[in-house]
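Just so you know, all these numbers are worked out from the coordinates, no wet-lab data involved. This is a predicted model, so every value here is computed, not measured. Glycine gets a Cβ as well: all are built from the backbone with ideal geometry, and neighbour counts include every protein chain shown.
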Amino acid sequence: MEYRFETEEGKLKVSVPRELDHHCAKQLKEEADLLIDAYHVKSLIFDFSHTEFMDSSGIGVLIGRSRNLSFAGGRVLAVNLNPRVERIFRLSGLNRIITVLPKEGEDNEESHDGIF
């Protein structure tokens, strides 16, 4: 699966591919930045439903988009993390700069309602 973008009223959802590595990180970053600018995105949602692997290039894409959006008063969210991706978020510290929402149906105050 390749990555896919969806936009809606100041929101951009990125369906992250199975492997977010150096092979696709640069192109994903460039396309996301273009869409963020073109649609005046304030909420960027990374959907990790199909993601099994992410290397340092993928982590860099997330950190860069988070930094850029925070400067503009926006936010970055991550949804549907599997245990492997959750571990990468924890070990890299991404969970401290990107809001990770629980999977649908998990007992938590935050839900996916209204994010897209």
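Can you give the charge dipole size of the chain about its Cα centre, rounded to the nearest 20 debye, using +1 on the beta carbon of Lys and Arg and -1 on the beta carbon of Asp and Glu?
For the chain, the charge dipole is close to 440 debye.
For the chain, what does -39500 (n - 2.57) per DSSP helix run (n ≥ 4), summed and divided by total residues, give at 222 nm, in deg cm²/dmol to the nearest 500?
Values: 4 runs with 47 residues, N = 116.
Dividing the helical sum by the residues of the chain leaves -12500 deg cm²/dmol.
Looking at region 1-78, which trypsin sites (Lys or Arg not before Pro) are DSSP coil and have at most 16 other C-beta atoms within 10 Å of their C-beta? List each step's numbers first, then the result.
On the way: sites: ARG4, LYS11, LYS13, ARG18, LYS26, LYS29, LYS42, ARG65, ARG67, ARG75; in loops: ARG18, LYS42.
Within region 1-78, the qualifying trypsin sites (Lys or Arg not before Pro) (loop, at most 16 other Cβ atoms within 10 Å) are ARG18, LYS42.
Give me a comma-separated list of calculated 3J(HN,Hα) values for region 47-61, in order, Karplus coefficients 6.51, -1.76, 1.60 applied at θ = phi - 60°, integers in Hz, x for any Gly or Pro.
Working through the residues one at a time gives 9, 9, 3, 10, 8, 10, 8, 8, 9, 5, 5, x, 4, x, 4 Hz.
Put a dot 7 Å past each Cα toward the Cβ at GLU2 and SER57; how far apart are the dots in nm?
Using points 7 Å along Cα→Cβ, the separation is 1.6 nm.
Taking springs between alpha-carbon atoms closer than 10 angstrom, which of GLY93, GLY58, GLY73 fluctuates most in the Gaussian network model of the chain?
GLY73
Remind me, relative contact order of the chain in percent, using alpha carbon pairs under 8 angstrom and six or more residues apart?
Working: 188 pairs, mean separation 28.7, N = 116.
Answer for the chain is 25 percent.
Normalised by the residues of region 39-102, what does the relative contact order come to in percent, with Cα pairs under 8 Å and at least six apart? Mind showing how you got there, number by number?
Details: 75 pairs, mean separation 27.9, N = 64.
The value is 44 percent.
Work through the residues other than ARG18 whose Cβ is under 14 Å from its Cβ and net out their charges, Lys, Arg +1 and Asp, Glu -1.
On the way: positive: ARG4, ARG84; negative: GLU2, GLU19, ASP21, ASP47, GLU52, ASP55.
Computed value for this residue: -4.
Find the Cα radius of gyration of the chain, compare it with 2.2 N^0.38 Å by division, and give the number to two decimals.
Details: Rg = 13.0 Å, N = 116, 2.2 N^0.38 = 13.4 Å.
Expressed relative to 2.2 N^0.38 Å, the Cα Rg reads 0.97.
For ARG75 and ARG96, compute 0.36 nm times the residue count separating them, minus their Cα-Cα distance, and round to one decimal in nm. Intermediate results must be reported in sequence, preceding the final value.
On the way: separation 21, 0.36 × 21 = 7.56 nm, distance 1.26 nm.
Extra length available between ARG75 and ARG96 comes to 6.3 nm.
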